[in-house]
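Asks: First, the structure itself, so that you have it in front of you.
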Amino acid sequence: MAGSACSNHKMTNGDATYAEKESPIYEIKGIPASLAVQVNDRVFVVETNKKAKMAGELYPLVGLVSKIYIESTEDGRRIHEFSPESVQQFIDTWNTLTLEDVESIERDGSRVFLQIELHNGIHFRQVYWREPNTFSNGAIGTIKMKEIIDYELSTIE
């Protein structure tokens with residue numbers, strides 16, 4: 001869109017902001033194209049999907065995640081790695097979370113930066129707000145999800 005849209009242009013699904021017009025888009029072997037694609041030398045992970053009603057539809061993590069990290073909210077460096085048990089519990093619980101409109105979720109209180117790393121090295125961040133138990137992509141946490149994240153935080157706080 002750079003250089004080709006007016007200042008009052010509203011982005012719509014399919015608008016590309018970081019790729020030249022007519023850049024080829026490639027699927028990534030072993031990753032659903034609904035989760036991530038490659039354009040030129042960059043990987044793009046989905047941020048929203050209006051059709052998805054559950055977090056597992058937006059980010060289908062089963063069989064793809066190798067590690068989950070907690071990152072510093074100050075400089076983004078990794079400060080903690082989830083235990084393998086917590087990674088599995090996170091993925092299992094993730095699939096049960098409902099999605100709300102990103103604009104309507106509560107974003108108050110302390111936040112946690114979670115980096116999700118896939119088996120092929122692709123990684124992306126989710127911001128988790130502890131008090132409302134919500135994620136930046138609109139996922140609404142459950143008691144179990146809060147317990148998993150709070151447990152991992154307790155090992156570093």
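Asks: Just to be sure I understand the filter: pairs with C-beta atoms under 6 Å, separated by 6 or more residues or on different chains, first member in the range 82-107 and under 16 Å from residue 127 (Cβ atoms) and aliphatic (A, V, I, L, M), second member assigned to a helix (DSSP H, G or I) and open to solvent by 30 Å² or more (accessible area, probe 1.4 Å). Which pairs pass?
Replies: none
Asks: For the structure I just gave you, tell me whether residue 28 is under 27 Å from residue 101 (Cα atoms), touching a residue at least 40 places away in the same chain (Cβ under 8 Å) and not charged (D, E, K, R). Walk me through it before giving the result.
Replies: Working: under 27 Å from residue 101 (Cα atoms): no; touching a residue at least 40 places away in the same chain (Cβ under 8 Å): yes; not charged (D, E, K, R): yes.
No: the conditions fail for residue 28.
Asks: Another question, then. Would you check if there is a residue in the range 38-45 being open to solvent by less than 50 Å² (accessible area, probe 1.4 Å), within 16 Å of residue 114 (Cβ to Cβ), modelled with pLDDT under 90 and among the aliphatic types (A, V, I, L, M)?
Replies: Yes, the conditions are met somewhere in the range 38-45.
The values are calculated or read from the model by the stated rules, or taken from the named source; none is laboratory data. Every value quoted in this text rests on a predicted model; they were computed, and no experiment measured them. Here Cβ is always computed from backbone atoms with ideal geometry, including for glycine, and neighbour counts include all displayed protein chains. Ligands, DNA and RNA are excluded from the accessible area calculation, which covers all protein heavy atoms including side chains. Shrake-Rupley method; radii C 1.70, N 1.55, O 1.52, S 1.80 Å.
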